[in-house]
Amino acid sequence: MKLKSACLALSTLALTPLSAQASEYDYNFYGSLRVMVEEAKHDNGDSFKDAVSRIGVNGSHDLGNGMQAFAKYELSVDVAEGELGSDTGNDARQAYVGLSTDYGSLTLGRYWSSFYNAIGYAPDQLWVHSAPVYYTLDWDYRIGKSVMYTTPDMNGVQVSALYSDEREQGQLATTWQASNNLKLAAGYIDDADNNDSVGLAAYYTGSGYYLNAMLMDKDNQGRGIDLIGGISADKHLYTAGVSSFEDRSGSDNDFDALILAYQYNLHPKVKLWVEAKAWDGVLYGVEDSNLIALGMNYDF
């Protein structure tokens with residue numbers, strides 16, 4: 001009932017016109033509804049699945065003197081089942097408020113972490129099946145009960161620091177725009193269970209193509225690398241990725257993975273795609289398998 005009420009409130013807010021007295025407000029109701037048909041060698045279950053859909057509302061308010069307030073509330077949606085919410089219990093993907101000034105921004109709530117924004121995003125370029133090393137080592141990429149400070153751009157350098165009371169975890173990440181084509185990043189996670197993480201990432205963008213790389217090492221868990229690159233041509237995007245992981249938890253969960261993908265942009269708001277992944281070793285608890293998924297996204 002609470003979830004349905006939240007969704008109704010978001011819809012009502014989106015349909016309410018702004019008054020003249022509130023012209024300094026800016027908000028947006030948005031969503032991305034995604035569904036896929038997936039065939040996996042290791043899975044005999046339902047092949048018709050949601051592909052990480054979401055709806056949300058974000059807004060900002062100019063407070064004057066260079067200060068701005070902002071907020072976002074984003075819900076998980078299951079298009080395949082026709083349901084709101086997530087099986088994990090975290091129905092809100094993101095829920096935060098914040099302030100920004102010329103000296104940076106302060107964000108409080110649940111959101112993409114400093115480490116993910118700098119490091120994890122580099123290989124996470126597909127809709128569902130990319131960045132297997134990153135997601136093996138860091139499932140808590142959206143962290144609740146958190147406060148995050150991000151500096152303004154300082155001649156191409158930006159620093160972000162986060163502390164989460166939910167995880168008793170601190171993070172520090174830095175990005176450097178080395179040139180028009182190249183961005184470099186480094187990040188660190190100080191975890192309460194002493195399984196600290198370090199990561200390095202590189203983003204390279206050329207004319208009609210990109211190549212990203214991530215190296216991550218987590219104490220007592222493992223280390224590995226994700227590489228991904230894509231070539232775009234008109235409405236087409238071709239992507240390939242390789243990953244390699246060395247397990248150090250004692251579970252012998254090493255793996256090597258290959259990812260291939262194709263996307264057709266039918267419209268700026270509509271995308272058709274196919275993603276295929278095969279791996280040797282143990283990935284997400286599954287040994288020596290492969291899968292293929294065909295999906296469609298509608299954004300608004």
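What follows draws every value from the coordinates through simple rules; no lab data is involved. None of these values were measured; they are calculated from a predicted model. As a convention, Cβ positions derive from the backbone with ideal geometry for all residues, glycine included, and neighbour counts pool all protein chains shown.
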Problem set entry | Dipole moment magnitude, nearest 20 debye, the chain about Cα centre, only Lys, Arg, Asp, Glu C-beta charged | 1060
Exercise. Between segment 238-300 and segment 185-235, how many Å separate their Cα centres?
Worked result: 15
Exercise. Mind checking which of TRP139, TRP127, TRP112 has the largest fluctuation in a GNM of the chain, springs on alpha carbons under 10 Å?
Worked result: TRP139
Problem set entry | ³J(HN,Hα) computed for each position of segment 268-285 - Karplus, 6.51 cos²θ - 1.76 cosθ + 1.60, integer Hz, glycine/proline x | x, 9, 10, 10, 10, 8, 9, 10, 10, 9, 9, 8, 10, x, 10, 10, 6, x
Seminar exercise, completed: Among LYS218/LYS271; LYS183/LYS277; LYS72/LYS218; LYS145/LYS218, the pairs whose Cα-Cα distance exceeds 29 Å are LYS218/LYS271; LYS72/LYS218
Exercise. What's the exposure ranking of TYR30, TYR73, TYR141, going from fewest to most Cβ atoms within 10 Å?
Worked result: TYR30, TYR141, TYR73
Exercise. Rounded, prolate or oblate: which one fits segment 142-300, using the alpha carbon gyration tensor with axes a ≥ b ≥ c (rounded when a/c is under 1.5, else prolate when a/b beats b/c, else oblate)?
Worked result: oblate
For this session: Treat segment 2-299 as a sphere of radius equal to its Kirkwood radius over Cα pairs and apply Stokes-Einstein at 10 °C in a medium of 1.306 mPa s; give the translational diffusion coefficient in µm²/s, rounded to a whole number.
Result: 76
Problem set entry | P(r) histogram, all alpha-carbon pairs of segment 32-185 included - 10 Å bins from 0, percent | 10, 30, 36, 18, 5, 1
